[in-house]
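The values are calculated or read from the model by the stated rules, or taken from the named source; none is laboratory data. Keep in mind that what you see is a predicted model, and the values were worked out from it rather than measured. When we count neighbours, we look across all protein chains shown, and the Cβ atoms used for this are built from the backbone with ideal geometry, even at glycine. Note: accessible area is taken over every heavy atom of the protein model, side chains too, but ligands, DNA and RNA are not part of it. Shrake-Rupley method; radii C 1.70, N 1.55, O 1.52, S 1.80 Å.
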Amino acid sequence: METQQQLDNFQARIDAGEKIEPKDWMPDRYRQQIIRMGSQHAHSEIVGMLPEGNWIGRAPSLKRKLVLLAKVQDEAGHGLYLYSAIETLGVSRADLIDQYLYGSAKYSSIFNYPTLSYADVCVIGWLVDGAAIVNQTKLAQSSYGPYSRANIRICREESFHKKQGYEMVAKLASGTPAQRKMVQDAVNRFWWPTLMMFGPSDSDSPNSAELIKWKVKLNTNDELRQHFIDRTVMEAEAVNITLPDPDLKFNQETGHWDYGDIPWDEFWDVVQGNGVMNRERMKARREAHENGAWVRKAAQAYARKKKLSREQAS
Ligand code: 3HC
């Protein structure tokens, strides 16, 4: 049973800006929240490799292929940093992975949209990784030490992801009419789903209050979404791209960009598994996981043998 004194002492540590480390006392609810949010973050990184991976074999040049390969490999690494951070809370990676492949654990809705043209890869780099940077730079200050440090590492690579995407968007936007049309079409399809990456509006966010009290999240979903919109409107103008929201208007009073209604029905539909690509993403991940079972078995057998020979030698 958690005593009020323990809870008060814990909150005092959080309020003082201290980092909570794996061996520290923490409320079980805090532990559960970090496992939930951090593992879903990791799942998102791994599933997020699929949409862009679809274009590695069809990149328009060797340079673009190399850049895309590097980015997709980075995402795998991000997933591994995050799984390692969450394993410090005593959960196994195998269980976490089973929870999303065969259970109800989530991954980010954005990865359930198809990548129909190469311009989609460019726009993912600019918008999706741009949104991830806004979120992850705050998560890098999160109160749980291992999760904070995983996000610090991720953010270093994320800025390359966004820059390479924005560079390609600028190139296409100033290219031939066909290239301009292709990149504008990609922005039209990815703008609203990108805004949904920040989660439901604050009034519909059951986890936010607790996560903010414990400084797991430093800002609310709407605050981060607004920050992303404010910076992206200017980036779109700079490359002569139109964002598909006729209600976008600078509000002199607030100093922020007002924006139109986000299609929340679509969001919850995708979160509940009914997006265009949900089934295909899960099928691809389950097949990869099942086809890779022999590698995991061999690695575990090897590790057991090494441990045995070390024990026999000592
Ligand atoms: N897709 C799927 N599910 C979502 C979602 C989204 N975009 N936004 C929210 N949800 C889910 C939540 O998981 C929660 O469900 P659960 O309680 O069953 O887990 C429910 O909707 C209610 O949302 P809340 O706002 O209450 O949930 P959170 O407080 O956890 O906030 C979040 C949601 C902002 C996504 C937060 O979890 C978060 O910041 N997570 C860490 C970052 C992350 O996961 N980013 C995903 C993208 S990773 C990425 O972009 C990789 C890059 O390299 C491309």
Result of the Cβ filter at 6 Å on region 31-45, keeping first residues that are at negative phi and partners that are among the β-branched types (Val, Ile, Thr) and near the ligand (Cβ under 6 Å from one of its atoms), at least 6 apart or interchain, is none
Would you point out the residue of region 80-103, among those that are within 19 Å of ASN278 (Cα to Cα), in contact (Cβ under 8 Å) with a residue 24 or more places away in the chain and within 12 Å of the ligand (Cβ to nearest atom), that is surrounded by the most Cβ atoms within 10 Å (Cβ to Cβ)?
-> TYR100
Determine which member of the set ILE86, ILE124, ILE133, ILE46 is part of a helix (DSSP H, G or I) and more than 13 Å from the chain's Cα centre (by Cα).
-> ILE86
Which one of these does LYS106 not meet: (1) in a helix (DSSP H, G or I); (2) within 25 Å of VAL123 (Cβ to Cβ)?
-> (1)
Condition met for TYR147 (aromatic (Phe, Trp, Tyr), open to solvent by 10 Å² or more (accessible area, probe 1.4 Å), assigned to a helix (DSSP H, G or I) and modelled with pLDDT of 95 or more) | no
Could you please find all residues in region 104-128 being of a type outside the set (A, V, I, L, M, F, W, C) and either in contact (Cβ under 8 Å) with a residue 40 or more places away in the chain or away from the ligand (no atom under 11 Å from the Cβ) (or both)?
-> LYS106, TYR107, SER108, SER109, ASN112, TYR113, PRO114, THR115, SER117, TYR118, ASP120, GLY125
So which residues in region 50-69 are open to solvent by 50 Å² or more (accessible area, probe 1.4 Å) and in a helix (DSSP H, G or I), if there are any at all?
-> LEU50, GLY57, ARG58, LEU62, LYS63, LYS65, LEU66, LEU69
Failed condition for GLN300, given (1) under 30 Å from THR242 (Cβ atoms); (2) loosely packed, with under 13 Cβ neighbours inside 10 Å = (1)
Quick one: would you say SER44 is out of contact with any Leu (no Cβ under 6 Å at 6 or more places or on another chain) and either buried (at least 22 other Cβ atoms within 10 Å of the Cβ) or hydrophobic (A, V, I, L, M, F, W, C) (or both)?
-> yes
Complete set of residues in region 177-219 that are in contact with a Phe, Trp or Tyr (Cβ under 9 Å, 6 or more places away or on another chain) and among the β-branched types (Val, Ile, Thr) | VAL187, THR194, VAL216
Only residues in region 184-211 that are within 17 Å of GLN40 (Cα to Cα) count as the first member; pair them with residues that are more than 8 Å from the ligand (Cβ to nearest atom) and open to solvent by 10 Å² or more (accessible area, probe 1.4 Å), Cβ under 6 angstrom, at least 6 apart or cross-chain, and list the lot.
-> SER208/THR220
